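Visitor: My structure is below; once you've seen it, I'll send some questions.
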Amino acid sequence: HLGNVRNRLLDAAKTILEREGRDHLQLRSIAALTGVSAPTVYYHYADKRSLLCALARDGFQGLRAALAHAEAGETGGAGLAAVSAAYLGFVVEHPALYRLMYEVRDADPTPEVIAAEDEALDALREAVTRALGAEVSSEEADHVAEALWAFGRGAAAVGLARGRPSSAAPLA
C-alpha cells in the first residue's frame, strides 16, 4: 500500500502542477487531494525539494517511455521522426511538468533525476543509432543524439515561452 500511496501523491502533485501551476504545489494541498493526512505526505517526501525531485524523475521516466513507444512504432509512426514528434508531443501534453523537470535538473538535481534524464536521452540515442545505421560510429551517433536533444530542449523552451508549444515540426 505504501507504493500505492506514493504514486497517488505523485499523481495528485502532477494534477495540481498542470491545473494550477507550481506556486500552488504545496504538500498540504497534495494531502487534501489524495485524502491522506499531511504527515503521510511528509513520510514520503521530507520536504518540497524531495517532492519536486520525485516529480522531475517521474517526468523524465514518462518522457523516456514516450520516446521508446514512438521508436517501437506504437504511436502511428516509427523511427527518428516519430521519436522527435513524441518529444515535442510530451511538452505539449505536460508543459508545467516539462518546465519543472528542467528547473530541477538545472538547479539542484538528485542522482535519480540525472539518471532519469540520461535514460530518456538513451532512448533518443537508440533511435539515432537505428536511423543512421552502420554508416556512422557510435560516437558520431551520440553527438547527433545530443544535438537533437539540445534542439528539442530549445524548441520546447521557445514554444513554452511563447505560450504555444508545438509538436508540428519534428526534430529530425
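Visitor: Taking the structure as given and computing volume of the Cα convex hull per residue in Å³, which label from (i) 99; (ii) 113; (iii) 123 fits?
Guide: After the calculation, the listed value that fits is (iii).
Visitor: Further, regarding this structure: Using 0.36 nm per residue, how much length does the chain from Y42 to V92 gain when fully extended, once their Cα-Cα distance is taken away?
Guide: Roughly 14.9 nm would be gained on extension.
Visitor: Rounded, prolate or oblate: which one fits the range 13-76, using the alpha carbon gyration tensor with axes a ≥ b ≥ c (rounded when a/c is under 1.5, else prolate when a/b beats b/c, else oblate)?
Guide: Working: a/c = 2.75, a/b = 2.30, b/c = 1.20.
Prolate, since a/c reaches 1.5 and a/b exceeds b/c.
Visitor: Helix-only estimate, please: 222 nm mean residue ellipticity of the chain, summing -39500 (n - 2.57) across DSSP H runs of length 4 or more and dividing by its residues, to the nearest 500. Display every interim value, and only then the final one.
Guide: Values: 8 runs with 132 residues, N = 172.
Per the formula, -25500 deg cm²/dmol.
Visitor: Continuing with the same structure: Less than 12 Å Cβ to Cβ from R99, Lys/Arg counted +1 and Asp/Glu -1: what total charge do the surrounding residues give?
Guide: On the way: positive: R22, R105, R153; negative: E18, E103, D106.
Combined, the nearby Lys, Arg, Asp and Glu give 0.
Visitor: Let me ask you something else. Given the peptides 5-18, 135-148, arrange them by the average over their residues of other C-beta atoms within 10 Å, most packed first. List each step's numbers first, then the result.
Guide: Working: 5-18: 18.0, 135-148: 14.3.
The densest-packed peptide leads the list: 5-18, 135-148.
Visitor: For the chain, find the longest principal axis of its Cα atoms and tell me its angle to the long axis of helix 95-107, 0 to 90°, nearest 10.
Guide: It works out to around 90 degrees.
Visitor: Which whole-Hz ³J(HN,Hα) couplings does the range 114-121 yield from phi under the Karplus relation 6.51 cos²θ - 1.76 cosθ + 1.60, θ = phi - 60°, glycine and proline marked x?
Guide: 4, 4, 5, 5, 4, 5, 5, 4
Visitor: Please give the length that would be gained between A72 and A134 if that part of the chain were fully extended, namely 0.36 nm times their separation in residues minus their C-alpha to C-alpha distance (nm, one decimal). Don't jump to the answer; show the numbers that get you there.
Guide: On the way: separation 62, 0.36 × 62 = 22.32 nm, distance 1.93 nm.
Length difference between fully extended and current span is 20.4 nm.
Visitor: Does anyone have the angle between helix 79-93 and the longest principal axis of the chain? Alpha-carbon axes, 0 to 90°, nearest 10?
Guide: 30 degrees
Visitor: Under a plain spin-label model, where a point goes 7 Å from the Cα along Cα-to-Cβ, how far apart in nm are S50 and D11?
Guide: Going from the S50 label point to the D11 one covers 2.2 nm.
Visitor: Would you work out if the range 78-172 is rounded, prolate or oblate? Take a ≥ b ≥ c from the square roots of the eigenvalues of the alpha-carbon gyration tensor; rounded if a/c is under 1.5, else prolate when a/b is larger than b/c, oblate otherwise. Spell out each step's value before the answer.
Guide: Working: a/c = 2.33, a/b = 1.32, b/c = 1.76.
Oblate, since a/c reaches 1.5 and b/c is not below a/b.
Visitor: While we're here: Round to the nearest 0.05 the FRET efficiency obtained for D122 and L33 when R0 = 41 Å and r is the Cβ-Cβ distance.
Guide: Values: r = 33 Å, r/R0 = 0.81.
About 0.80, to the nearest 0.05.
No lab work stands behind these numbers, since they all come straight from the coordinates. Here the structure is a predicted model, which is why all the values come from computation and not from measurement. Methodologically, a virtual Cβ is constructed for each residue, glycine included, from the backbone with ideal geometry; neighbour enumeration extends over all protein chains shown.
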